[in-house]
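Single-structure report; data block below.
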Amino acid sequence: MKKSLPISDILTKYGSFLAVVFCIGGIFPILSYSYQLNIPFWFTFKYLGSVIAIVVIAYTLRVFKTHGVIRALSFFIDKTLKSGVLCLMTTGYVLVINANIGTQTETCFDGKVIDKKIDRQSGLTSTFIIELDKGNSTSKLIVSKKEFDRYVKGDSYKSCWNEGLLGLLYK
């Protein structure tokens, strides 16, 4: 009979591989949903990031007590950078949860297209952004290439989006 591995042994042995799989898995939802510019990322950093920050600070204080200032500072910088990547890659999973769990309501956007731009254009991906003037405010929406090509500056934009479980708008 084979002895089962404790979670720390599993993470030591396969942690890097699991982290890469987690990050790659988080990219696909980001590329497949239309959403308001940066809103899902801020949502993830706000809620997940604050919890991670508390844990990192608590462990940094422990390292400070046992190993001193330099080791604690090194630990803090390392974990803060890794936590940022974790939050960034978790955004894709947040979009999936938002869109597939709970009640979905419909929200419609309408306004005049005042700007269009393609951001982060590379050989692999591009982000298509439409900015709307809604009278008393503006909205920036990340849209599909098909929807981006359909409108020009000055056109009236009207499209209905879904609001998911977490209050994030998507299409």
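Confirm whether Asp119 is free of Cβ contacts under 8 Å to residues at least 24 places away in the same chain, out of contact with any strand residue (DSSP E or B) (no Cβ under 7 Å at 6 or more places or on another chain) and over 30 Å from Ile57 (Cα atoms).
Considered against the rule, which asks whether it is free of Cβ contacts under 8 Å to residues at least 24 places away in the same chain, out of contact with any strand residue (DSSP E or B) (no Cβ under 7 Å at 6 or more places or on another chain) and over 30 Å from Ile57 (Cα atoms), Asp119 comes out as no.
Which numbered condition trips up Thr107, out of (1) under 22 Å from Glu163 (Cα atoms); (2) polar (S, T, N, Q); (3) at pLDDT 90 or above; (4) open to solvent by less than 90 Å² (accessible area, probe 1.4 Å)?
(3)
Would you check if Gly154 is out of contact with any Asp or Glu (no Cβ under 6 Å at 6 or more places or on another chain), part of a loop (DSSP other than H, G, I, E, B) and either within 22 Å of Tyr47 (Cβ to Cβ) or open to solvent by 70 Å² or more (accessible area, probe 1.4 Å) (or both)?
Answer is no for this residue.
Would you be able to tell me the number of residues in the stretch 55-87 that are under 28 Å from Gly26 (Cα atoms) and surrounded by fewer than 17 Cβ atoms within 10 Å (Cβ to Cβ)?
The total comes to 12.
Looking only at the stretch 110-129, count every residue that is open to solvent by less than 20 Å² (accessible area, probe 1.4 Å) and within 19 Å of the chain's Cα centre (by Cα) and tell me the total.
Qualifying residue count, the stretch 110-129: 2.
So, of the residues in the stretch 31-54 that are over 30 Å from Phe75 (Cα atoms) and aliphatic (A, V, I, L, M), which turns out to be most open to solvent (accessible area, probe 1.4 Å)?
Leu31
Determine which single condition Tyr151 fails, assuming it passes every other condition in (1) touching a residue at least 60 places away in the same chain (Cβ under 8 Å); (2) touching a strand residue (DSSP E or B) at 6+ places or on another chain (Cβ under 7 Å).
(1)
Name the residue that is surrounded by the fewest Cβ atoms within 10 Å (Cβ to Cβ), counting only residues in the stretch 1-13 that are assigned to a loop (DSSP other than H, G, I, E, B) and among the aliphatic types (A, V, I, L, M).
Filtering first and then ranking leaves Met1.
Go through the stretch 14-30 and report how many residues are in contact (Cβ under 8 Å) with a residue 24 or more places away in the chain and surrounded by 13 or more Cβ atoms within 10 Å (Cβ to Cβ).
Residues flagged as in contact (Cβ under 8 Å) with a residue 24 or more places away in the chain and surrounded by 13 or more Cβ atoms within 10 Å (Cβ to Cβ) within the stretch 14-30 amount to 7.
The values are calculated or read from the model by the stated rules, or taken from the named source; none is laboratory data. Because the structure is predicted, anything quoted here is derived from the model rather than measured. Virtual Cβ from ideal backbone geometry, glycine too; neighbours counted across all protein chains shown. The accessibility values were calculated without ligands, DNA or RNA, using every heavy atom of the protein model including side chains. Shrake-Rupley method; radii C 1.70, N 1.55, O 1.52, S 1.80 Å.
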